[in-house]
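No lab work stands behind these numbers, since they all come straight from the coordinates. Being a predicted model, the structure only gives us computed values, none of them experimental. Backbone-built Cβ (ideal geometry, glycine too); neighbour counts: all protein chains shown.
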Amino acid sequence: MHVPTKKFIVLLSLAGSLLGCQGNSGNPDLTVVSPVRTGNPNKKAVVRFAGTYAGVVPCADCDGLETELQINNDGTYVLKHTYLGKQRGRNTFREQGNWTHSPDLKKIALNYDHPDESSFYRVVHPDTLKMLDRRGNEITSRLNYNLARQ
């Protein structure tokens, strides 16, 4: 192989490696989520997480978002949001779907089987879940994103 060709291949490989390390920050269409199991949660997770969690989390255009999350034994959930301080229109929204967890049982994924609609929570301790961003990462804020077991 010709020496300039070898240099070109090495430079091309290096450039590809560097570009690959940049992640998806330049492409909002790509969603990177924390690894979660697929399928129903295991028995240990059901015992640990099943129940109702509630709290008021921050809201960009209202006084707060009253949130109630019911995690069911059968791998389903019901999530209810009520926009506080809103007078007009419909203020309460309800969704339901399937839930699962990360292999280490430190995160819960709601609606994991519909990635564009998924939401994530970190297990702070058995009685507290903390809302995460749409990619499953911590929300950088001093505001309270916790839901407490009821």
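Once phi is turned into ³J(HN,Hα) by the Karplus curve 6.51 cos²θ - 1.76 cosθ + 1.60 with θ = phi - 60°, what whole-Hz value does each residue of region 92-103 show in order, with x for glycine and proline?
Each residue of region 92-103 in turn: 10, 10, 10, 9, 9, x, 9, 10, 8, 9, 6, x Hz.
Residue by residue, what Karplus-based ³J(HN,Hα) values in Hz, rounded to whole numbers, does region 60-76 have, using 6.51, -1.76 and 1.60 with θ = phi - 60° and x for Gly and Pro?
Going residue by residue, I get 5, 10, 8, 6, x, 10, 5, 10, 10, 10, 9, 9, 9, 4, 8, x, 10 Hz, with x marking Gly and Pro.
Would you check region 43-149 for Lys pairs whose C-alpha atoms are within less than 29 Å, ignoring same-chain pairs closer than 8 in sequence, and give me the count?
The number of close lysine pairs in region 43-149 is 14.
Taking θ = phi - 60°, what integer Hz values does the Karplus form 6.51 cos²θ - 1.76 cosθ + 1.60 yield along region 136-141, in sequence order, with x for Gly and Pro?
In residue order, the calculated couplings are x, 9, 4, 8, 7, 6 Hz.
For the modelled label position 7 Å from the Cα of residue 150 along Cα-to-Cβ, which residues of region 73-106 have backbone nitrogen atoms closer than 12 Å?
It comes to 78-82, nothing else.
Suppose the chain between residue 62 and residue 95 were pulled fully straight at 0.36 nm per residue; how much longer would it get relative to their current alpha carbon spacing?
Full extension from residue 62 to residue 95 adds 9.9 nm.
List the pair-distance distribution P(r) of region 41-140, using every Cα-Cα distance, as the percent of pairs falling in each 5 Å bin from 0 up to the bin containing the longest distance, rounded to whole percents.
2, 13, 23, 26, 19, 10, 5, 2, 0
When only C-alpha pairs under 8 Å and at least 6 residues apart count, what is the relative contact order of region 43-149, in percent?
RCO, region 43-149: 22 percent.
At 7 Å along Cα-to-Cβ for each site, give me the label-to-label distance between residue 87 and residue 54 in nm.
2.6
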